[in-house]
Amino acid sequence: ELLKDYKQGDKVIQLRLEEGKELEYCLDPKTKELPPLRNPDILVGENDLTALSYLHEPAVLHNLKVRFIDSKLIYTYCGNHSPLLHHHGIFYIMGNVDAHILVINMFLCFRDERNQSIIVSGESGAGKTVSAKYAMRYFATVSGSASEANVEEKVLASNPIMESIGNAKTTRNDNSSRFGKYIEIGFDKRYRIIGANMRTYLLEKSRVVFQAEEERNYHIFYQLCASAALPEFKTLRLGNANYFHYTKQGGSPVIDGIDDAKEMVHTRQACSLLGINDSHQMGIFRILAGILHLGNVGFTSRDADSCTIPHKHEPLTIFCDLMGVEYQEMSHWLCHRKLATASETYIKPISKLQAINARDALAKHIYAKLFNWIVDHVNKALHSTVKQHSFIGVLDIYGFETFEINSFEQFCINYANEKLQQQFNMHVFKLEQEEYMKEQIPWTLIDFYDNQPCINLIEAKLGILDLLDEECKMPKGSDDSWAQKLYNTHLKKCALFEKPRMSNKAFIIQHFADKVEYQCEGFLEKNKDTVYEEQIKVLKSSKFKMLSELFQDEEKALSPTSATPSGRTLLSRTAVKPAKARPGQASKEHKKTVGHQFRNSLHLLMETLNATTPHYVRCIKPNDFKFPFTFDEKRAVQQLRACGVLETIRISAAGFPSRWTYQEFFSRYRVLMKQKDVLSDRKQTCKNLLEKLILDKDKYQFGKTKIFFRAGQVAYLEKIRADKLRVACIRIQKTIRGWLMRKKYLRMRKAAITIQRYVRGYQARCYAKFLRRTRAAILIQKFQRMYVVRKRYHLMRAATIVLQSLLRGYIARNKYQRMLREHKAIIIQKHVRGWLARVRYRRSLKAIVYLQCCYRRMMAKRELKKLKIEARSVERYKKLNIGMENKIMQLQRKVDEQVNAPRVNGQKSLIILGSQDASCSHFGIIYLVTETMEKKLVEETKQLELDLNDERLRYQNLLNEFSRLEERYEDLKDEVNLMVVSGLKDSKIMCCLWTRQELESENKKLKNELNELQKALLEKSSPEVTAPGAPAYRVLLDQLTSVSEELDVRKEEVLILRSQRLVSVWDINAKCLAQILLGFCRLLESQLQSQKKSHDNELEALRGEMQSLKEENNRQQQLLAQNLQLPPEARIEASLQHEITRLTNENLDLMEQLEKQDKTVRKLKKQLKVFAKKIGELEVGQMENISPGQIIDEPIRPVNIPRKEKDFQGMLEYKKDDEPKLVKNLILDLKPRGVAVNLIPGLPAYILFMCVRHADYLNDDQKVRSLLTSTINGIKKVLKKRGDDFETVSFWLSNTCRFLHCLKQYSGEEGFMKHNTPRQNEHCLTNFDLAEYRQVLSDLAIQIYQQLVRVLENILQPMIVSGMLEHETIQGVSGVKPPGLRKRTSSIADEGTYTLDSIIRQLNTFHSVMCQHGMDPELIKQVVKQTFYITGAVTLNNLLLRKDMCSWSKGMQIRYNVSQLEEWLRDKNLMNSGAKETLEPLIQAAQLLQVKKKTDEDAEAICSMCNALTTAQIVKVLNLYTPVNEFEERVSISFIRTIQMRLRDRKDSPQLLMDAKHIFPVTFPFNPSSLALETIQIPASLGLAFISRV
């Protein structure tokens, strides 16, 4: 309603909507049109749209919305002539009865004697098919049948059959009719059904071979696939719908809520009801199955213009078996066609695309024939021999369509709608005229839209269809030439024809509903709808009788003017393209186009409709989402315009749309009349009233029975009536309200007086009652309080007496017990003190005796050791060899005597010479055996190295698996903690704890396996020389045994000293015992010094002897080499040289023994210093306990006072509580970038080791174990949190290795102390052997290394293929790409692509980061080797998978890229890292692309050159080799077979691709640090102020 009166010139109107919302409506400044007026409330929701006072689009849309949404009414009338139907909401108009689909059916059955027609139209999914079914069901139910044949059941049974073969799922409708149909239901004189006949229009055959996304083929195909398991369908060899090409293209084979198997049962029942027997049904299903198998037939291109079908192709075999045709003929004519000229006939092969199109055309043709056959049999079943009196026709036809891409189908559909709209307009105009003539009111011609110009544009001479047929007859007609003819003929000559601006292959037609743009592509082919006659001939010759029946009498069936016996016009036929023209009328009729046939059938339909009384059902789709009672206004307006409803309303509004009978008008507007105006003649009364109210007589007309109003007059009358009623209402309300208020006041006054009287009496009675209760309560309280006080006094007196008696008894008993305990304690103390004195005495005596025994045993072992050394000394060997030298001299002398002897003793000299020859041959054999053993030793060493690498790789893989399980264990542990904190149920906690125990047991098993592997590695890595049983092994074992015995002795001494120190604290004679211990320590020190001097002397002597023996050995070797060239007489001296060599080796073994002993001496010396320091501290403690008098009496002895060292010892001290803070600041929160730039490399490792040194110095094993465990766990947490950051992983790999090297360097083992300075040797660990923790750290380093390799791989993976293969590093080499291959790269790299420079820059980044972090050079080499392996493997794998990369130019590019990588290795001094060898397969692949590949010599060269490639890789590269210019040739098949023959004996892996995930086993060579620990400073930035240097 208006909130403010409108004045001329206002730009804004203030409005209030129905829901109460206020709105400012801005007027158009140009047109200044006011908004359309609203109908009065009485007309809102009106049953008939033409009854509205204001007829315009907003009023019509609002009325439909109110009826549909608010009233839930789905039918609405639109005048006396045009019922309108809305699916999920259906609209009708007819009479005073409320609109419904059955009303029009009831009305039709009782109309005059004329034939009737119901025209149902609308969009897809709007409900056309359902409405037609309702109408047919109504006729069948109400009318019944004239005979006992149940014709009405047959009529209804035709619906399931036609829906299964003619309906399909689309994006708009799950059961969309893809053809038009007109069903004539015949009646006799008593209006009983006697039969029916069906005509079909424009079947959508293209759906058989193609479906859009989310759509399906016709239902019958999916019903067949769903019923494939039935026994009778086994011969059809069907399967799932996703198996067939014709049913899986839409990707939606199932409809929600629909069971295709059940629908198949209904279809078969309907066929049986209509007289289609089981044999014909199986024939139908057989043909349909053949169509599905035909869609799976595939073609193989032989060249651009020919194709072939594979031999014994299974889908084609099944198709031929089902259709009863020859496989060879069908296979031949699917790939060929026959061309006929004036004189000859040619058979021409066709391309793959043409063959696919021909296959699809054949499938469509067969389905169309089958569809026509089924329609014929349905009509035969519904045909009646009884004479038909009248009929009612139901036309279910498609509505106006417009899509993004519109083709020939939409053109024909819209052409049909133009014809129907013209007939509709003429019918509406005629009915309107009849209404005015019946009421005898003046009639003026109404102007309405006539679409005859649009119809002439389509079907007139030289119209669109005429030009299309003409172009189809042209030999070289095409869509483009037809479009040009359309432009030349109609453009700028017809206002309804337009050309799109941006296209030369489309045209626009202005239809009655909207402009539609049609794409010319495919118009000619769809209009011709041709199929090759040779294929039809093959089908005609089929042994399958039903199939041959489909193609009989084709010329008769194809005649557009001749009808079938049932009167059905065939519209969905397919023209067959003959090999050559056939004379006569048959050939002419045979070439009728689809457009021509459709035009003829449409004319026949119009004649039928014009001969009947038409009734229209317009179906409107309320929304596109299939939601019930959801109204989309935009979609509704579009459909109202498209179906012509608004045009109908406009025609009605142009005359007198509002019509009232005289009685209705009098009853409604009686309130506007006075009593004197009411006459007995109602007509005259209405005339008098209208003359007073409406002055303009043109606004209304008086008919015979009705009053006709122009638009808006009923609203004006309603306004006058509402004003009159409003004034009357106000007067009535005023009087009634005054009377009601006076009556209410009197009633309220009387009630108030009565209430006051009763309330005051009640209050007085309550007050008197209160006074009486108060006096009684006071008396009761007095006596109750007296009783309570008296009772309390008696209880307290009795309790006090009882407590006094109990307390006095308790005190007396305690006093007695205390006296008794004191007496017994004195007796116990006496006996215990005596026992302690005796125990202390026995312990002291036992310790002294044990100390004496240990000392004596040590001296005895030392003497035994000296004797053993003397037994193995050089002098002893010299004494043993004195006899050997004498024997040699005797032999020499005998030889001289034999030489000087006369020749008479020839026999003796021959015997002697024979013995000499035997000795010479013996030495030669020894030499050969020696060489053989050396070679065997080298081979076994190599084999052991390979086995060691394999075991190391297996060990590292197990370690990786162990780390993964450990992480899983940690995660489960965290989950268990969370579950406990959150208070979960006990069952879940027990389950998690059980999982934890299971993981712990699994971890223990893995640890045992790791220990076994370590032992196996140690056994395998030991050289053969040190095997058990060898002499050197025995010497080392003896030395190790002696050293371990000495260590046991020292440990025992330390234990004794510790026990004695503890005893001396509590012993009375502590002073004497301390003196004894000091004396003993001095004695030990003096003995060690003397022993060291003797060892030094012996060492010097042995070194001199060793040097002399070396010189002698060299001299003897030279003599032996010379003697081998001498004659046999002089070779006896070689035996002497051999003995000397053996003695030299023994001397070397003795020398190693001396070094071992020297090491033991150093260790014992360090331990002695520690013990001396502890004893000194004990002395200081004892001196503090001695009185000053005792100190004076004691003789003063010289004491060595150690001077305090100012230099630091290279240790860091921290408190036990500060350990978590140390791990957090040094490991968890440390940023690698700052440490790498500002601090020395490996600083965290040095700090941790210095803390370990201090814990070792304190001999605190718990602190050492806790620190090492926390360190390892902290490093794992950092890597788990930031494991994808290369700098973090590299930083902690470097520090872990440095920490491991520090543990080795300062472990005290001789093998790790060779490169230490004397100061560094003093910093070695003294108390603990951390070999087990070194193994744990080594395992951790392996895990970090593997994680580093994964991070490298993730970073380099995207760069490798682009940089190594695709990017053209050398511009212009690639030249022209081979034909058919897409050019993937350009000479200039696009933005975002990677080049070789990108890879080299990334390698420089990796190398610089590792160097900054101080990583070991050997470890850097292993990382670089692994990186190059990944690069080569990924590049080679992609080369083997891409044909466009296998060319000579690409091989040159790869060789250049590899040379750049080698240049990078040379710049970084990494050529000896083994990285270049990992690129060898890639290099050989590039060489293989560049070498000649023609002759046998080339094959031999390739086999010898490509030793790093497998046979499969070589053959793959040769097969993929593609020439890029005319100077190259493809590799012949014979050459590839020659390569395979030459390589058949090679034993290599059959795998084609390299394993890019392979990781080489990593080793950590010992790398000692020259940095002194005492010089390391801790930066303040690390936040380690709680640590102090020691």
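The values are calculated or read from the model by the stated rules, or taken from the named source; none is laboratory data. Just so we're clear, the structure is a prediction, and the values are computed from it rather than from any experiment. Note that we place each Cβ from the backbone using ideal geometry, even for glycine, and neighbour counts take in every protein chain shown. Only protein heavy atoms, including side chains, enter the accessible area calculation; ligands, DNA and RNA are left aside. Shrake-Rupley method; radii C 1.70, N 1.55, O 1.52, S 1.80 Å.
Return the only residue of Arg1319, Arg1350 being within 47 Å of the chain's Cα centre (by Cα), of a type outside the set (A, V, I, L, M) and assigned to a helix (DSSP H, G or I).
Answer to the check: Arg1350.
Quick one: which of His1323, His1301 is open to solvent by less than 10 Å² (accessible area, probe 1.4 Å), more than 29 Å from Gln1347 (Cα to Cα), in contact with a Phe, Trp or Tyr (Cβ under 9 Å, 6 or more places away or on another chain) and of a type outside the set (Phe, Trp, Tyr)?
So the residue among His1323, His1301 that is open to solvent by less than 10 Å² (accessible area, probe 1.4 Å), more than 29 Å from Gln1347 (Cα to Cα), in contact with a Phe, Trp or Tyr (Cβ under 9 Å, 6 or more places away or on another chain) and of a type outside the set (Phe, Trp, Tyr) is His1323.
Cβ-Cβ distance below 7 Å, separation of 6 or more or different chains: which pairs start in segment 654-667 with a residue that is closer than 19 Å to Tyr77 by Cβ and end on one that is among the polar types (S, T, N, Q) and surrounded by fewer than 14 Cβ atoms within 10 Å (Cβ to Cβ)?
What qualifies is Thr661/Thr705.
Take segment 388-397 and flag every residue that is outside any strand (DSSP E or B) and open to solvent by less than 20 Å² (accessible area, probe 1.4 Å).
Ile397
Would segment 640-650 turn up any residue that is assigned to a helix (DSSP H, G or I) and over 60 Å from the mean Cα position of the chain (by Cα)?
No, segment 640-650 has no match at all.
Starting from residues that are part of a loop (DSSP other than H, G, I, E, B), among the hydroxyl-bearing types (Ser, Thr, Tyr) and open to solvent by less than 50 Å² (accessible area, probe 1.4 Å), keep the ones in segment 1495-1531 and report whichever is farthest from Leu1479 (Cα to Cα).
Thr1522
Of all residues in segment 588-644, which are touching a Lys or Arg at 6+ places or on another chain (Cβ under 7 Å), closer than 23 Å to Glu123 by Cβ and among the aliphatic types (A, V, I, L, M)?
Scanning segment 588-644 gives Leu602, Met606.
Would you mind stating whether Pro58 is modelled with pLDDT of 80 or more, part of a loop (DSSP other than H, G, I, E, B) and under 27 Å from Phe708 (Cβ atoms)?
In short, no.
Looking at Arg862, Arg843, can you tell me which residue is in contact with a helix residue (DSSP H, G or I) (Cβ under 9 Å, 6 or more places away or on another chain), over 30 Å from Gln1091 (Cα atoms) and surrounded by 10 or more Cβ atoms within 10 Å (Cβ to Cβ)?
Arg843
Can you report the number of residues in segment 1267-1280 which are open to solvent by 30 Å² or more (accessible area, probe 1.4 Å) and either closer than 12 Å to Leu1222 by Cα or among the charged types (D, E, K, R) (or both)?
So the count comes out to 4.
When the residues of segment 1153-1167 are narrowed to those that are over 19 Å from Gln1320 (Cβ atoms) and either open to solvent by less than 40 Å² (accessible area, probe 1.4 Å) or modelled with pLDDT under 70 (or both), which ends up nearest to the chain's Cα centre (by Cα)?
Selected residue: Thr1160.
Being of a type in the set (D, E, K, R) and open to solvent by 10 Å² or more (accessible area, probe 1.4 Å): is that true of Glu418 here?
Here the answer is no, as Glu418 does not meet what is asked.
Search segment 294-324 for residues being under 21 Å from Ala361 (Cβ atoms) and in contact with a strand residue (DSSP E or B) (Cβ under 8 Å, 6 or more places away or on another chain), and hand back the single one that is most open to solvent (accessible area, probe 1.4 Å).
Only one residue fits best here, namely Asp305.
Please specify each residue of segment 352-387 satisfying the condition of being touching a strand residue (DSSP E or B) at 6+ places or on another chain (Cβ under 7 Å) and either open to solvent by 50 Å² or more (accessible area, probe 1.4 Å) or within 27 Å of Tyr532 (Cα to Cα) (or both).
Matches in segment 352-387: Lys352, Ala355, Ala358, Ala361, Leu362, His365, Val375, His383, Val386.
Only residues that are free of Cβ contacts under 8 Å to residues at least 60 places away in the same chain, part of a loop (DSSP other than H, G, I, E, B), under 29 Å from Gly644 (Cβ atoms) and not small (Gly, Ala, Ser): list them for segment 480-534, please.
Leu491, Lys492, Lys493, Cys494, Leu496, Lys499, Pro500, Cys520
Hey, among the residues in segment 39-54 that are crowded, with 23+ Cβ neighbours inside 10 Å and of a type in the set (A, V, I, L, M), which one's nearest to the chain's Cα centre (by Cα)?
Leu49
Determine whether Ile1430 is under 30 Å from Phe1564 (Cβ atoms), of a type in the set (Val, Ile, Thr), open to solvent by less than 10 Å² (accessible area, probe 1.4 Å) and assigned to a helix (DSSP H, G or I).
When the stated conditions are applied, Ile1430 passes them.
Limited to segment 672-687, what total is found for residues that are in a helix (DSSP H, G or I), open to solvent by less than 80 Å² (accessible area, probe 1.4 Å) and either in contact with a strand residue (DSSP E or B) (Cβ under 7 Å, 6 or more places away or on another chain) or more than 13 Å from Tyr662 (Cα to Cα) (or both)?
4
Please verify whether segment 1567-1574 includes one or more residues that are more than 30 Å from His1323 (Cβ to Cβ) and either free of Cβ contacts under 8 Å to residues at least 60 places away in the same chain or of a type outside the set (Ser, Thr, Tyr) (or both).
no
Just wondering, is there one or more residues in segment 1540-1550 that are closer than 29 Å to Phe1428 by Cβ, at pLDDT 85 or above, of a type outside the set (S, T, N, Q) and open to solvent by less than 60 Å² (accessible area, probe 1.4 Å)?
Within segment 1540-1550, one or more residues are closer than 29 Å to Phe1428 by Cβ, at pLDDT 85 or above, of a type outside the set (S, T, N, Q) and open to solvent by less than 60 Å² (accessible area, probe 1.4 Å).
Tell me, please, whether a residue that is assigned to a strand (DSSP E or B) and either among the aliphatic types (A, V, I, L, M) or touching a Phe, Trp or Tyr at 6+ places or on another chain (Cβ under 7 Å) (or both) can be found in segment 1561-1568.
No: segment 1561-1568 contains no residue that is assigned to a strand (DSSP E or B) and either among the aliphatic types (A, V, I, L, M) or touching a Phe, Trp or Tyr at 6+ places or on another chain (Cβ under 7 Å) (or both).
Pick from Leu108, Leu64: which is within 25 Å of Pro614 (Cβ to Cβ), in a helix (DSSP H, G or I) and modelled with pLDDT under 75?
Result of the check over Leu108, Leu64: Leu108.
Any chance segment 715-733 includes a residue that's among the aromatic types (Phe, Trp, Tyr) and touching a residue at least 12 places away in the same chain (Cβ under 8 Å)?
Yes, some residue in segment 715-733 is among the aromatic types (Phe, Trp, Tyr) and touching a residue at least 12 places away in the same chain (Cβ under 8 Å).
Only one of these is touching a Lys or Arg at 6+ places or on another chain (Cβ under 7 Å) and touching a residue at least 12 places away in the same chain (Cβ under 8 Å): Gly1283, Gly1308. Name it.
Result: Gly1308 is the single residue among Gly1283, Gly1308 that is touching a Lys or Arg at 6+ places or on another chain (Cβ under 7 Å) and touching a residue at least 12 places away in the same chain (Cβ under 8 Å).
Identify the residue in segment 431-454 that is modelled with pLDDT under 70 and open to solvent by 90 Å² or more (accessible area, probe 1.4 Å) and, among all such residues, is nearest to the chain's Cα centre (by Cα).
Looking at the filtered set, the residue picked out is Asp447.
Answer yes or no as to whether Pro310 is touching a residue at least 12 places away in the same chain (Cβ under 8 Å) and in a helix (DSSP H, G or I).
no
Would you be able to say whether some residue in segment 383-405 is more than 20 Å from Pro310 (Cα to Cα), out of contact with any Ser or Thr (no Cβ under 6 Å at 6 or more places or on another chain), of a type in the set (D, E, K, R) and modelled with pLDDT of 85 or more?
No, every residue in segment 383-405 fails to be more than 20 Å from Pro310 (Cα to Cα), out of contact with any Ser or Thr (no Cβ under 6 Å at 6 or more places or on another chain), of a type in the set (D, E, K, R) and modelled with pLDDT of 85 or more.
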